[in-house]
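Written out below as structure tokens is the structure these notes cover.
The values are calculated or read from the model by the stated rules, or taken from the named source; none is laboratory data. Everything numeric here is computed off the predicted structure, so don't read it as measured data. Please note: Cβ atoms are built from the backbone with ideal geometry, for glycine as well, and neighbour counts cover all protein chains shown. The protein model used for the area step is the full one, side chains on, heavy atoms only, and it has no ligands, DNA or RNA in it. Shrake-Rupley method; radii C 1.70, N 1.55, O 1.52, S 1.80 Å.
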Amino acid sequence: MDDLELPLKDRKQAAELLAEKLAHLRGSHPLILAIPRGAVPMGRIIADRLEGELDVVLVRKIPSAIDPELAVGAVDEHGNRELAPYFNRTRTSMEWVELQTHEQLELMRRRRASYGGKRPPADPAGRTVVIVDDGLATGSTMAAALRSTRARQPKQLIAAVPVAAPDSLEMIAPLADDIVYLAAPMNFMSVSRHYRSFPQVSEEEVLELLTSQ
């Protein structure tokens, strides 16, 4: 989007702009899978604009032992793990990765029980599925989400993010049928720097958004 000015105002603006780029999906009842927690408010807006269904895809980043903000990989709720291409340069041991994997799996089990309530997770099989995140830094989390969802045989699998690091877009390209994004600045530092307002999203807000369909 050549005329887009960064930083974005907030997640709401980002979601509305993404929904415009995904408008061709309206009428196909797409399944919007948001990566918690930050992308869930965006997923709600996109699902409503496209007359689709909202659910979550549970993946968690595996942080570096040195820098907790740096993802060295990601794991989905089924235990499938994705290590970043630069993992060997991060001075992170596999013992640390195993420990973090266990902790993240426990957190995702609790979240699935909390978010799902009495309803089962939405089934992507045979459907057009859009995986939404609020930004793409290393790409590990989105890659894990795409692999996890692809295994469930969607008809079409789309990744949608407002801002992304260019090399991360290249990394996930083989995993999606299409990638929709607003900007891929060369000087990408972190997702939050590309928003004027980027507050934390609470568990309570996620639950309310998921049950408001």
Restricted to segment 123-141 and to residues being crowded, with 24+ Cβ neighbours inside 10 Å and modelled with pLDDT of 95 or more, the residue farthest from Gly52 (Cα to Cα) is Leu136
| said: When you check Lys12 against the structure, is it open to solvent by 50 Å² or more (accessible area, probe 1.4 Å), more than 19 Å from Pro154 (Cβ to Cβ), under 16 Å from the mean Cα position of the chain (by Cα) and at pLDDT 95 or above, yes or no? | reply: yes
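Of all residues being polar (S, T, N, Q) and modelled with pLDDT of 95 or more in segment 142-167, which is nearest to the chain's Cα centre (by Cα)? Just the residue, please.
Among residues in segment 142-167 that are polar (S, T, N, Q) and modelled with pLDDT of 95 or more, the one nearest to the chain's Cα centre (by Cα) is Thr149.
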For segment 39-77 the number of residues that are over 17 Å from Leu146 (Cβ atoms) and of a type in the set (D, E, K, R) is 7
Taking segment 77-101 and the residues there that are farther than 23 Å from Ile172 by Cα and among the acidic types (Asp, Glu), the one that is surrounded by the most Cβ atoms within 10 Å (Cβ to Cβ) would be Glu98
How many residues of segment 19-53 are small (Gly, Ala, Ser), assigned to a helix (DSSP H, G or I) and open to solvent by 10 Å² or more (accessible area, probe 1.4 Å)? The answer is 1
The residue that is farthest from Lys61 (Cα to Cα), considering only those in segment 146-197 that are open to solvent by 40 Å² or more (accessible area, probe 1.4 Å) and small (Gly, Ala, Ser), is Ser197
Exactly one of Ala74, Ala65 is small (Gly, Ala, Ser), open to solvent by less than 60 Å² (accessible area, probe 1.4 Å), at pLDDT below 95 and more than 29 Å from Pro30 (Cα to Cα), and that one is Ala65
Flagged in segment 173-213 as over 17 Å from the mean Cα position of the chain (by Cα), more than 30 Å from Arg119 (Cα to Cα) and not basic (Lys, Arg), in numbering order, are Pro185, Met186, Asn187, Phe188, Met189, Ser197
Checklist entry - Does at least one position in segment 197-204 carry a residue that is more than 15 Å from Ile32 (Cα to Cα) and of a type in the set (A, V, I, L, M, F, W, C)? => result yes
